[in-house]
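One structure is given below, encoded as structure tokens.
The values are calculated or read from the model by the stated rules, or taken from the named source; none is laboratory data. Keep in mind the model is a prediction, meaning the values are calculated, not measured. Ideal geometry is used to build each Cβ from the backbone, glycine not excepted, and the neighbour counts take in all protein chains shown. SASA here: full protein model, heavy atoms, side chains in, ligands and nucleic acids out. Shrake-Rupley method; radii C 1.70, N 1.55, O 1.52, S 1.80 Å.
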Amino acid sequence: MVDTQRFINKKAFQLTNYAAALVDGIIPSTEVDLYCWDTIEEWSQFTPVTLKVSPMESAFWYLLYQITFWNPKEIRTCPVLKSEVDSCIDFLRGDGIYPDFCSGIRP
């Protein structure tokens, strides 16, 4: 069985790379959407042993939602959205503090 924290740790590195590349205009949103759907599909293959969601997991699901919900141009041009995405990326990479606006939940 895959541990929730191990799953999030493994996927957080990938997610931050996809999110940063999307915001920088390096990759198309369709590629990011495929990664996100693959991640959700992989997540659905196991049952978490705890209902408690860590700050890292909350930031992970929040970032995943933001980059799939918003148009990349909106993220790039809206200072609030860009700041939120950047804060989540920094936190998940270990370079920032937990963004207090995060409200990510499991799918």
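Could you name the lysines whose alpha carbon sits less than 23 Å from that of K82, not counting residues in the same chain fewer than 8 places away?
Once the sequence-local lysines are set aside, what remains near K82 is K11, K73.
Once amide H atoms are placed 1.01 Å from N in the peptide plane, what residues at a sequence separation of 5 or more from G96, or on another chain, have their amide H within under 5 Å of its amide H?
F91
I need the trypsin sites (Lys or Arg not before Pro) found in the range 46-78, filtered to DSSP loop residues with at most 10 other beta carbons within 10 Å of theirs.
Counting only loop positions with at most 10 other Cβ atoms within 10 Å, the trypsin sites (Lys or Arg not before Pro) in the range 46-78 are K52.
First compute the accessible area of the range 51-104 with a 1.4 Å probe, then give the percent of it belonging to carbon and sulfur atoms.
Summing carbon and sulfur atoms, their accessible area is 58 percent of the total for the range 51-104.
With a ≥ b ≥ c the root eigenvalues of the C-alpha gyration tensor of the range 57-107, is it rounded (a/c under 1.5), prolate (a/b larger than b/c) or oblate?
Note, shape of the range 57-107 comes out oblate.
Which residues in the range 60-85 place their backbone N less than 17 Å from a point set 7 Å from the Cα of I40 along the Cα-to-Cβ direction?
Only 60-72 fall inside the zone, counting backbone N under 17 Å.
What size of dipole, in debye to the nearest 20, comes out for the chain about its Cα centre when the only charges are +1 on Lys and Arg C-beta atoms and -1 on Asp and Glu C-beta atoms?
So the dipole magnitude of the chain works out to roughly 140 debye.
Would you mind getting the accessible area per residue of the range 1-50, heavy atoms of the protein chains only, 1.4 Å probe, in Å²?
60
Below 12 angstrom from the Cβ of T4, what's the summed charge of the other residues (Lys, Arg +1; Asp, Glu -1)?
That works out to +3.
If we count chymotrypsin sites (Phe, Trp or Tyr not before Pro) as exposed when they sit in a DSSP loop and have at most 15 other beta carbons within 10 Å, what is the longest stretch of the chain that avoids them all?
The longest uninterrupted stretch comes out as 47-100.
Let me know the shape class of the range 28-77, please: from the alpha-carbon gyration tensor, a ≥ b ≥ c as square roots of the eigenvalues, rounded when a/c is under 1.5, otherwise prolate if a/b is greater than b/c, or oblate.
Oblate, because a/c is 1.5 or more while a/b does not exceed b/c.
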